[in-house]
1. What's the total number of residues in region 146-157 that are touching a residue at least 24 places away in the same chain (Cβ under 8 Å), closer than 16 Å to T203 by Cβ and surrounded by fewer than 24 Cβ atoms within 10 Å (Cβ to Cβ)?
2. Name the one entry in Q18, Q23 that is within 18 Å of L236 (Cα to Cα), surrounded by fewer than 24 Cβ atoms within 10 Å (Cβ to Cβ) and in contact (Cβ under 8 Å) with a residue 60 or more places away in the chain.
3. Yes or no: region 4-12 includes at least one residue that is among the basic types (K, R) and either closer than 27 Å to A222 by Cα or within 18 Å of the chain's Cα centre (by Cα) (or both).
4. Please tell me if L191 is over 13 Å from the mean Cα position of the chain (by Cα) and closer than 22 Å to P269 by Cβ.
5. Can you name the residue in region 231-247 that is under 18 Å from I45 (Cβ atoms) and surrounded by 18 or more Cβ atoms within 10 Å (Cβ to Cβ) and, of all such residues, is modelled with the lowest pLDDT?
6. From the set of residues in region 260-274 that are touching a residue at least 24 places away in the same chain (Cβ under 8 Å) and surrounded by fewer than 17 Cβ atoms within 10 Å (Cβ to Cβ), which is farthest from G232 (Cα to Cα)?
7. Only one of T90, T75 is assigned to a loop (DSSP other than H, G, I, E, B) and either surrounded by fewer than 20 Cβ atoms within 10 Å (Cβ to Cβ) or touching a helix residue (DSSP H, G or I) at 6+ places or on another chain (Cβ under 8 Å) (or both). Can you tell me which?
8. Please go through region 158-183 and pick out each residue that is free of Cβ contacts under 8 Å to residues at least 60 places away in the same chain and polar (S, T, N, Q).
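The values are calculated or read from the model by the stated rules, or taken from the named source; none is laboratory data. The structure displayed is predicted, hence computed values, not measured ones. Glycine gets a Cβ as well: all are built from the backbone with ideal geometry, and neighbour counts include every protein chain shown.
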Amino acid sequence: MNSLAEKINKMLVAKDSQDSLTQVNVKGCVIGGEQIVVIAGPCAIESEDWLKETAFKVRGAGAAMLRGGAFKPRTSPYSFQGLGEEGLITLAKIGEAMNMPVITEVMDSEDIPVVSEYSDILQVGARNMHNFSLLKKLGQIDKPVLLKRGMAATVEEWLLAAEYILAGGNNQVVLCERGTRSAEKWTRNTLDLSAAALAKELTHLPVIVDPSHGTGVRSLVAPMAKAAIAAGADGLIVEVHPHPERALSDGEQSLTPRQFSILMREIEPIGKVMGRRVR
């Protein structure tokens, strides 16, 4: 731990590299401030009607930002890959109608311009955490970036990936813990809340947690979301779908709008204990 801290202390991401903690402002939604920011929406944008229904319900429950994938990195080439630019247009349209900032994943450096046009914050997925050419390009834009931890990455590697973006001149970076691969077969990943807490200790950047990918099991999302808030996370990114059984991507880990609404009520008192508010 001491040697890791010594390495980190020489980097731009280090907590001691600046006088205050970074707060990332996404169209008035501040990540790293007093509010625990909850981002919610479907894994993939499948249709305008379903996204509109989801946005309306998660907004009503207290979500601050809307998520939805237009470009989907899938293990199988035959799985649904997303709607591409059509999905981006739909996401931006509904986000504006609901007065919600929107986030979506950018998979390739060539896609940065079009994703930046429609999205308020760009997400780097776990598979791309080590895509250094992408990270360098994201360091050159004036848009916030959410950087997910790679599925086999150490905390040091995760922070070094963020360093690529900061070194390029973009300090609007949010870290996201989303679970790592392990020997466990009953969950999709093993959510490492100690990594989230350690990142908060080492860096000035905001840290949020993804309990959906972190578990891959719908019934485990709420318990892990509550644990993440208790561990000091600055926010959550949660998958919500109006009809999870019909979802084209990750339905088994998506909450229904009703389950999400219950979760939002349950995390409020935990946030209060931590000196934060949820809405």
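1. Number of matching residues: 4.
2. Q23
3. Checked against the condition, which is being among the basic types (K, R) and either closer than 27 Å to A222 by Cα or within 18 Å of the chain's Cα centre (by Cα) (or both), region 4-12 yields no hits at all.
4. Taking the combined requirement at face value, the residue satisfies it.
5. A247
6. I262
7. Going through T90, T75 in turn, the sole match is T75.
8. N170, T180, S182
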